[in-house]
Structures are given as C-alpha cells and as structure tokens.
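Okay, so here's the structure we're looking at.
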Amino acid sequence: MSEFYRRFAEVAPAHKILLLRFSSDEARHAEIITQLIEEASGAILSQQTPRAVEEALTKAKEGERQLVRVVNSLRASGRVERETLYQVMFANEECSVEFYRTLYSSLGPEERRMLLRILEEEYEHLEAARRLRSSIRER
C-alpha cells in the first residue's frame, strides 16, 4: 500500500499531501502488524473459529493482487484511470480494516492497544477514501 500511495500522489497532485501521509502510515503499519502477527500466531492458530481469519486473509490477498496490477501499470506506462485508483484505494482500505478487526480478537491486551491505534488511522484512511471517491463521482 505504501508504494501505491506514493505512485497515486504523483498522478493526483491535489491530494498529494494526504496520499503521502497514507504512504508513510502504511509503511509504519506494516512493521507493527508483522510484529503483532508473529506474537499472535499461536493464538490465531488455536482460535476456535479460524475461518474468519482465513476469509479476511483471502480478501486481503485478492486486494493485494489488484493493487500490484495497478502499481505495475503505473510503473509501465504511468497511465491508469483515476477512478480506478480511487476504487483500488477504497477496496484495500476496507480489506485492511476487516483484517485488523479479525486479528484483534486473537491478540492480548497490549497487542490490542497497538492494533487499535492502527485501526484508528485505517478508519481515517477509509473515510478519506470515501470522500475522495465521492468527489470524483460528483465531477
């Protein structure tokens, strides 16, 4: 997501500051989430209903594949419809929030506090994505 937002900022200068902040946030989130998943892996594996985690991961993987296609297109030609970028951003923010909410149930109290900070930022990203998508559709 971090690279996606950096590339997106290049083609959407009106939203550059916001998108670069998202890029920075996503890089930081990735580091924290990697640590949390390593700490919580036993809890996730022993959870009575791992189906929710699997579904969230499957959805996140599909979002990642879509994101990679868009970023590769930006790298190759620098051309992607802005509406497509906004749709990808929105879909990926929704997947992130869903995954983090699912992961939350498998964490201890300290890890939950860390994840809650990330979730707050992801909700901000999701709301901003909704506003950006709406503003594009109104044009």
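A few notes on this one:
- Residues located in segment 89-109, provided they are buried (at least 19 other Cβ atoms within 10 Å of the Cβ) and of a type in the set (V, I, T): T102
The rows are residues; the columns are (1) modelled with pLDDT of 80 or more; (2) over 21 Å from R117 (Cβ atoms); (3) in a helix (DSSP H, G or I); (4) among the small types (G, A, S).
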| site | (1), (2), (3), (4) |
| --- | --- |
| A9 | yes, yes, yes, yes |
| H29 | yes, no, yes, no |
| E39 | no, no, yes, no |
| K59 | no, yes, yes, no |
| R65 | no, yes, yes, no |
| N72 | no, yes, yes, no |
| S96 | no, no, yes, yes |
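- Comparison of L116, L107, L126 shows that the only residue that is under 21 Å from R6 (Cβ atoms) and either in contact (Cβ under 8 Å) with a residue 24 or more places away in the chain or of a type outside the set (D, E, K, R) (or both) is L126.
- Condition check for S77: surrounded by 16 or more Cβ atoms within 10 Å (Cβ to Cβ), modelled with pLDDT of 70 or more and polar (S, T, N, Q): no
- Which numbered condition A43 fails, given (1) modelled with pLDDT of 70 or more; (2) outside any loop (DSSP other than H, G, I, E, B): (1)
The values are calculated or read from the model by the stated rules, or taken from the named source; none is laboratory data. Just so you know, these numbers come straight off a predicted model, no measurement behind them. Neighbour counts run over all protein chains shown; Cβ positions are idealised from the backbone, glycine included.
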